[in-house]
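The values are calculated or read from the model by the stated rules, or taken from the named source; none is laboratory data. Small disclaimer: the values here were computed from a predicted structure and weren't measured. Ideal geometry is used to build each Cβ from the backbone, glycine not excepted, and the neighbour counts take in all protein chains shown.
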Amino acid sequence: MNSTMFNAGDILETIRMIQDECLDIRTTTMGISLLDCIDPDINKACDKVYDKITRKAEKLVETGEKIEKEYGIPIINKRIAVTPIAMLAAACPKENPVKFAKALQRAAETCGVNFVGGYSALVHKGFSAGDLELIRSIPEALDVTTRLCSSVNVGSTRSGINMDAVRIMGDIVLESAKLTADRQCVGPSKLVIFCNAPEDNPFMAGAFHGVGEPDCVINVGVSGPGVVRSTVSKYPDASIDQIADIIKKTAFKITRMGQLVGAKASQMLGVPFGIVDLSLAPTPAVGDSVAHILEAMGLETCGTHGTTAALALLNDAVKKGGVMASSNVGGLSGAFIPVSEDAGMIDAAVDGTLTLTKLEAMTSVCSVGLDMIAVPGDIEASTISAIIADEMAIGMVNNKTTAVRLIPAIGLKEGDMLEFGGLFGSAPVMPVKRKSAAKFIARGGRIPAPMHSIKN
């Protein structure tokens with residue numbers, strides 16, 4: 001990006017955003033293809049995986065730190081996303097895919113990155129070789145690693161929803177929670193179930209490197225809910241369309257910073273620049289909340305009537321502002337609503353205004369889905385599957401990405417609290433409906449794609 005695009009006012013404004021309003025680059029994520037690491041000998045395949053990741057990402061953390069110093073911009077996480085590991089597991093069907101998980105963990109430790117994503121399977125139209133083996137290994141893989149993230153895509157607008165996969169994922173989420181019950185059930189916090197998963201998402205836990213991506217690429221995730229909240233709060237009497245314009249202009253400024261960092265990282269690392277994902281990703285820090293943006297628009301508490309409309313405005317304005325600032329906007333790019341990671345949503349959930357039902361409605365207009373939500377530990381696997389099915393249907397019918405990241409809080413009940421710490425924050429255990437959907441989930445099969453999926 002041409003440095004002349006930034007004047008003294010821009011620079012001073014960016015400094016204020018960083019110091020006072022929690023503006024940051026949330027992640028620089030290197031995507032790495034592992035297709036050339038496929039080998040019928042799983043030990044050789046794991047060695048290839050480790051060697052390629054540590055070679056390609058050797059200077060990822062160092063580069064991020066240099067950019068931080070040069071521009072004064074915080075880069076919170078340095079991460080890696082890889083080819084869905086189910087594709088590698090297909091070549092060695094009699095082996096335990098957890099060997100790949102351990103290889104990814106070792107590579108992440110060697111490179112010094114926070115997370116590595118891609119312990120994944122894409123099963124939206126059915127299972128192929130390696131898929132079921134990998135899915136069944138997810139609880140163990142998340143139990144024996146600390147930096148691994150996993151995802152499974154079970155639906156798409158073009159193919160419908162694989163209800164056999166939905167049924168299995170209910171069991172997998174619950175098993176993962178039980179295996180990590182002694183660690184605040186952290187396993188499922190690193191497992192995402194998708195509909196319409198993007199191939200270039202830099203955010204965890206859902207990041208993987210799509211098969212249509214280059215051999216190696218750098219993607220950037222920018223976040224600035226504190227900046228948007230601060231800006232909106234300065235216009236208490238503005239009309240709705242004026243608020244939309246204000247958010248668009250703010251998103252434009254934030255995205256330019258991501259474009260700058262991405263282009264610089266690409267140049268320094270010698271790999272292509274992929275996308276800027278402008279997603280308002282909250283943290284538990286004071287002033288860094290998407291819920292507080294909605295409340296600055298005029299809602300007494302996030303989750304009350306009008307929340308879905310306010311979120312729709314926010315999500316749309318963020319996308320429009322972002323695409324005007326960069327031709328590389330991709331990933332998810334919009335507003336995230338992870339309950340445990342958003343101080344305002346935690347408060348709204350605790351006081352009962354924000355419910356699981358309302359969150360489901362909100363996901364129809366935002367960038368992801370039911371994210372970082374703790375549910376009672378005695379929940380049935382079929383109920384988890386039913387919640388997943390509902391969310392996948394929203395994504396399928398609306399031709400958008402939706403996702404589910406539920407954490408069954410083993411040993412806890414409604415009203416209790418899971419404490420993760422760090423960016424994962426605190427999760428109030430939210431109530432679920434107790435009437436059973438087990439018979440519906442047990443039917444299996446596939447929910448057909450909607451009529452509007454036929455576009456050719």
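Checked against (1) buried (at least 19 other Cβ atoms within 10 Å of the Cβ); (2) under 30 Å from Ile161 (Cα atoms), Ala107 passes all but condition (2).
Which residues, counting only those in segment 416-433, are loosely packed, with under 13 Cβ neighbours inside 10 Å and either among the hydroxyl-bearing types (Ser, Thr, Tyr) or modelled with pLDDT of 90 or more (or both)? Of everything in segment 416-433, just one residue is loosely packed, with under 13 Cβ neighbours inside 10 Å and either among the hydroxyl-bearing types (Ser, Thr, Tyr) or modelled with pLDDT of 90 or more (or both), namely Lys433. Considering (1) crowded, with 21+ Cβ neighbours inside 10 Å; (2) farther than 30 Å from Ser176 by Cα; (3) touching a strand residue (DSSP E or B) at 6+ places or on another chain (Cβ under 6 Å), say which one Val192 fails and leave the rest. All conditions pass for Val192, except number (2).
Just checking, does segment 226-245 include any residue being crowded, with 24+ Cβ neighbours inside 10 Å and touching a Cys at 6+ places or on another chain (Cβ under 8 Å)?
Quick first cut of segment 226-245, residues crowded, with 24+ Cβ neighbours inside 10 Å only: 226-229.
Filter once more, so that each one left must be touching a Cys at 6+ places or on another chain (Cβ under 8 Å): 226-227.
Yes: segment 226-245 contains one or more residues that are crowded, with 24+ Cβ neighbours inside 10 Å and touching a Cys at 6+ places or on another chain (Cβ under 8 Å).
Checked against the criterion of being in contact with a His (Cβ under 8 Å, 6 or more places away or on another chain) and closer than 22 Å to His209 by Cα, segment 110-122 has at least one qualifying residue.
Among what's in segment 66-83 and is in contact with an Asp or Glu (Cβ under 9 Å, 6 or more places away or on another chain) and in a loop (DSSP other than H, G, I, E, B), pick the residue that is surrounded by the fewest Cβ atoms within 10 Å (Cβ to Cβ).
For segment 66-83, the residue satisfying everything is Pro74.
Are there any pairs with C-beta distances below 7 angstrom linking a residue in segment 246-269 that is farther than 10 Å from Gly322 by Cβ to a residue that is polar (S, T, N, Q) and part of a helix (DSSP H, G or I), with the two at least 6 apart or on different chains, and if so which? So the pair list comes out as Ile246/Thr231; Thr250/Thr231; Met257/Thr14; Ala265/Thr63; Met268/Thr63; Leu269/Thr63. Can you tell me which residue within segment 106-144, out of those that are over 19 Å from the mean Cα position of the chain (by Cα) and hydroxyl-bearing (Ser, Thr, Tyr), is nearest to Asn96 (Cα to Cα)? Checking each candidate, the answer is Ser137. The residues on offer are Leu332, Leu311, Leu354, and the sole one that is in contact (Cβ under 8 Å) with a residue 40 or more places away in the chain, outside any helix (DSSP H, G or I) and touching a Cys at 6+ places or on another chain (Cβ under 7 Å) is Leu354. Going through (1) within 18 Å of Leu370 (Cβ to Cβ); (2) surrounded by fewer than 24 Cβ atoms within 10 Å (Cβ to Cβ); (3) touching a Phe, Trp or Tyr at 6+ places or on another chain (Cβ under 9 Å); (4) not small (Gly, Ala, Ser) one by one, Asn153 falls short only on (2). If the condition is being among the polar types (S, T, N, Q) and outside any helix (DSSP H, G or I), then segment 229-249 contributes only Ser239.
For every residue, the table says whether it meets (1) of a type in the set (Ser, Thr, Tyr); (2) in contact with a Pro (Cβ under 8 Å, 6 or more places away or on another chain); (3) modelled with pLDDT of 85 or more.
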position: Glu13; (1), (2), (3): no, no, no
position: Ile32; (1), (2), (3): no, no, yes
position: Tyr50; (1), (2), (3): yes, no, yes
position: Pro84; (1), (2), (3): no, no, yes
position: Thr110; (1), (2), (3): yes, no, yes
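Within segment 27-65, restricting attention to residues that are assigned to a helix (DSSP H, G or I) and among the polar types (S, T, N, Q), the residue that is nearest to Ile254 (Cα to Cα) is Thr63. Take the residues in segment 158-189 that are assigned to a helix (DSSP H, G or I) and among the basic types (Lys, Arg); name whichever of them is surrounded by the most Cβ atoms within 10 Å (Cβ to Cβ). Step by step, filter segment 158-189, then rank; the result is Arg167.
Screening the candidates Ser279, Ser289 for the property of being out of contact with any strand residue (DSSP E or B) (no Cβ under 8 Å at 6 or more places or on another chain), touching a residue at least 60 places away in the same chain (Cβ under 8 Å) and closer than 23 Å to Leu354 by Cβ yields one hit, Ser289. Just one of the listed residues (Ala89, Ala101, Ala57) is farther than 17 Å from Asn114 by Cβ, modelled with pLDDT of 95 or more and buried (at least 20 other Cβ atoms within 10 Å of the Cβ), namely Ala89. For segment 373-382, a residue qualifies if it is surrounded by fewer than 22 Cβ atoms within 10 Å (Cβ to Cβ) and outside any helix (DSSP H, G or I), and the qualifying residues are Pro376, Gly377, Asp378, Ile379, Glu380. Candidates Ile388, Ile410, Ile441: the one that is among the aliphatic types (A, V, I, L, M), buried (at least 23 other Cβ atoms within 10 Å of the Cβ) and in contact (Cβ under 8 Å) with a residue 24 or more places away in the chain is Ile388. Within segment 316-331, the set of residues being surrounded by 24 or more Cβ atoms within 10 Å (Cβ to Cβ) and either on the phi > 0 side of the Ramachandran plot or out of contact with any helix residue (DSSP H, G or I) (no Cβ under 9 Å at 6 or more places or on another chain) (or both) comprises Gly331 only. Of Met297, Met268, all but one fail to be hydrophobic (A, V, I, L, M, F, W, C), closer than 25 Å to Val61 by Cα and more than 21 Å from the chain's Cα centre (by Cα); the exception is Met268.
Only one of the numbered conditions (1) farther than 18 Å from Ala108 by Cβ; (2) part of a helix (DSSP H, G or I) is violated by Asp200, and that is (2).
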